[in-house]
Structures are given as C-alpha cells and as structure tokens.
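Structure, as structure tokens:
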C-alpha cells in the first residue's frame, strides 16, 4: 500500500507548504525530461501531490487513508475491493443500493469521486538578473496533448447527434455484483465508454478520432512577476496535458537567475561596492554608481569610513505593494601601495598634524 507522505519524504500530517516544497524538489529530480528522470517515480510523486497538495483531498486522505483518497490497496476477503468501493457505492444484496458519495457528503467532504486529471508538465527558464528584478514575459513552445479545437473536447463531429450509450444504457454508471464473505456486494462505477455522461456521439470528430484531445505544439506566454528569486517555481493551472472530460494538468516553471557581475540582492534591497580614493574619503567627492535603472551620481561625504553604506532610495527590487526597496552602496576605501616622494612627504606632513 502506498504511503503518500513517505513517497514525498515527509512525516504524516505535514503542512501543505511542506508538501509543495517536497514535490517541487522531487519533480525537478525525477521529471522524465531530466537526465536523472524516472517516469515511474515521477508518476508516483505526482499522484501523491495530487492528493496531499489539495486541501480537501488531503483532509480526506489523513482521515480515511487509501480507502477513500485514491489509493489502490488490495482486495479484501472474497474479492471485495476497496478501489471498487470508492468508485461508486454498494448494496447489502437485498436490493437496497446507495452511492458511497452520499455518506461522505454528510461528513462535509462532498462527493467521493475524483475527477480525472491530465499529466503535469515541468520546464525551466533562465533569466538574467535584471529580468528577475523587474519581471518579464516569455513565450515557450510546448509539445503536449491539448483540447481539440474542432470539437472543443467533446470527441463528436460538429453537428452530429448524441446517442444513448449502449454499454450503460444511458445511466452513465456500471453496476456490478460480487459475492463476498459479507454476502452479495453491488458496486457502482463510472462507465468508461461515455465517461459517465450516458451519451456518445453518433459520429466521432475526424480530427481527434473521438479522443477530444490532440497531440501538437502550443505556444504559451509566461508572465514572470517582478522580484522572483532563483529556484522559485511558477504554477500555471490547467496549462499541462489535457484529457477528454477531465481537468487538464498544470504547468510548472522553475526559475534560474544568473548572477550579476557587481550587484547582489538581499530581499528587496540591492547592494554594490564602490571603490573610493583615500583623498576623496578624506575630503569628499562625487562618484557615478551603476544601478539596474542606469547610472546615478552620488556624493561621498568628507570623512567617510571604510565599509560605510550610502543609500539610494527606490532603486531596489519591486515588492507586492508596488513599491521598491533601496539600493545600497558599500564604500571600499582604496589605500595606495606605492607613493611618490611628493605624496609620501604630504602624508608625513598629515601624520605630523595628527591625522
């Protein structure tokens, strides 16, 4: 029996934030497109995240385990299978039948059926330092399953009639009865022919052959917000693999930020070092500082000390309040190594003055 917490390397009851961090780390390692990829392992962690990453499903899983939240434990004695149990309902063999979702609705969990979901996609994008600070839009071309644009995902030819599904006789459900140690147990599951709708098209779409989805290339615009940091992941809901009559997977974009040659970042504050001559440190002067907004002239006050910070307001990283942090300039006083005779004499005169 799978333990979703164990699959993600977490302790039972871990928070949703911990679940999200664990999934991002593991998916970056095991995604099939990676050199270290493992498709079976990636499917396993995706399955775990699909449950533990959803507040409602996580609550159900923490309370009922795999008997409710989509696991596949082995069948019980006499062929009773919890997977069948969770897909629909059961009866006591005396003609009294009900849907298992009705039970859990009374406990505040809503229906027990899980909507089918397409596969998630994971990609990586490199940004330069300035793009990470100010934000940028990028377009990527992905090859994936997308909803058929001709039939809008229905799988039916345009204008065709819908007919009653002969597999389930239009009920959308399949009833099956099994003999167990508890007697005759009747299970109810969704019809896979009509996907629970009870209707099938008289003529299938000629482009997707009734699948409702097509494999092809899709250009997606990714808006990267200002202030994003190296290693952060953007989630675009529903932009992953599509599937017929199901929810599309998500697109995950991991961000890599290139380091800047002279500027470093600390939260919303940017920092650079400014070499200053000893005479300017003593007497003061003006210098030009290169910021991400361009060159800015600053005044070096007389008597400034080595390591002292000068602040340029509103030249840092934008924050969520549409404001910007500051740009700090750290002073690095350059001490000359070789002095001319004249310069040495002047310094000796300064020492004589007690400076």
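With the simple spin-label model, which puts each label point 7 Å out from Cα in the Cβ direction, the residue 179 to residue 334 separation comes to 9.6 nm.
Annotation for residue 278 and residue 321: the two label points, set 7 Å from Cα along the Cα-Cβ direction, are 4.5 nm apart. Counting 0.36 nm for each residue step from residue 162 to residue 293 and taking away their Cα separation leaves a gain of 41.1 nm. Between residue 345 and residue 234, the contour length at 0.36 nm per residue exceeds the alpha carbon distance by 33.7 nm. Inter-label distance, residue 14 to residue 219: 3.9 nm, where each label sits 7 Å from its Cα along the C-beta direction.
Below 8 Å between Cα atoms, with a sequence gap of 6+, how large is the relative contact order for the range 264-352 in percent? Could the numbers behind the result be given before it?
Working: 152 pairs, mean separation 29.4, N = 89.
Reported as a whole number, the value is 33 percent.
Where a number appears in this text, it was derived from the coordinates with a stated rule and is not lab data. Every value quoted in this text rests on a predicted model; they were computed, and no experiment measured them. FYI the Cβ positions are ideal-geometry reconstructions off the backbone, even for glycines, and counts take in every protein chain you see.
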